Amino acid sequence: MITLCSASESRALLLRNFGVEFIQKVPDYDEEQITTNIAKDFVYTASKGKLDAAVREFGLDMPLLCADTVIAAADGSILRKPKDIEDARRILEIQSGSTISIISSAHYRSKTLLFSDISATHYRFATFEKDEMEAYLQSGLWEGKAGGCMVEGFCKKYILEVNGFESTAMGLQVETLLPWLGK
């Protein structure tokens, strides 16, 4: 049994699908304090910050798993969670017909082990249909999503090419983590 230090439904689903028993608790950590514009540095800092907060708040009686994910556009800029519908439209237009990298950082810590990993999955998208994108924007399903969409959701039908684990793109590189969990 581990503590998943995240409110992410996608991360919880991944752990269930891979047969990992867990409980969910969210540590108090504000990732808005991170100032770097480099995607891999951002996710590492965020997941490590969440781990440090989780150790302080929850202790190490149960192993802790913390993660963070960002999307990097082809130009290297970070595509964060949209602030509003106009920001979501801007972010989706950047991804339309382009290649993005979904970068996830995970930290797993028990009393005897510290595991850290940064992994990326790269997607090449076809151009998004304007009417479908507008319907998606109006649905509000982009809210709270890094890059404004999920590869298992709106973006799925536009995927032309994938390089990497789908789990990494969903927010947790479970295949990389499993050996450290004894699975």
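The values are calculated or read from the model by the stated rules, or taken from the named source; none is laboratory data. Being a predicted model, the structure only gives us computed values, none of them experimental. Here the Cβ is made from the backbone with ideal geometry for all residues, glycine too, and neighbour counts use every protein chain on show. Remember, those area values only see protein heavy atoms, side chains included, never the ligands or the DNA or RNA. Shrake-Rupley method; radii C 1.70, N 1.55, O 1.52, S 1.80 Å.
For segment 27-122, the spread of Cα coordinates along the three principal axes comes to 46, 25, 19 Å, biggest extent given first.
Looking at this model, which pairs from Lys81/Lys157; Lys48/Lys156; Lys40/Lys157; Lys48/Lys111; Lys48/Lys183; Lys156/Lys183 are more than 19 angstrom apart at the alpha-carbon?
Details: Lys81/Lys157 21 Å; Lys48/Lys156 30 Å; Lys40/Lys157 27 Å; Lys48/Lys111 16 Å; Lys48/Lys183 23 Å; Lys156/Lys183 29 Å.
Result: Lys81/Lys157; Lys48/Lys156; Lys40/Lys157; Lys48/Lys183; Lys156/Lys183 exceed 19 Å.
Heavy-atom accessible area, probed at 1.4 angstrom with all protein chains present, ranks Val26, Val43 as Val26, Val43, highest first. In whole percent, how big is the carbon plus sulfur part of the accessible area of the chain, probe 1.4 Å, protein atoms only? Here it works out to 50 percent.
Choose one of Ala72, Leu51, Tyr136: the residue whose Cα lies farthest towards the positive end of the charge dipole of the chain (beta-carbon charges +1 Lys, Arg; -1 Asp, Glu; about the Cα centre). So the residue we want is Leu51.
With a 1.4 Å probe and all protein chains left in place, how much accessible area per residue does the chain have, in Å²? Please report the intermediate quantities before stating the final value.
Numbers: 9180 Å² over 183 residues.
Per residue, the chain has an accessible area of 50 Å².
Within segment 117-183, all pairs of alpha-carbon atoms sorted by distance into 5 Å bins from zero give the percentages 4, 15, 23, 21, 15, 11, 7, 3, 2, 0.
Using +1 on the beta carbon of Lys and Arg, -1 on that of Asp and Glu, and nothing else charged, what's the dipole of segment 28-78 about the Cα centre, debye to 20?
On the way: 4 positive and 10 negative charges, 39 e Å.
Roughly 180 debye, rounded to the nearest 20.
Within a straight-line Cα-Cα reach of under 17 Å, Lys145 can be paired with the following aspartates and glutamates, leaving aside sequence neighbours fewer than 8 residues apart in one chain: Glu9, Asp30, Glu31, Glu32, Asp68, Asp84, Glu86, Asp87, Glu93, Glu134, Glu166. Three principal axis extents describe the C-alpha atoms of the chain; from largest down they are 51, 33, 28 Å. The Cα-based radius of gyration and maximum Cα-Cα distance (Dmax) for segment 86-145 are 16.6, 53 Å.
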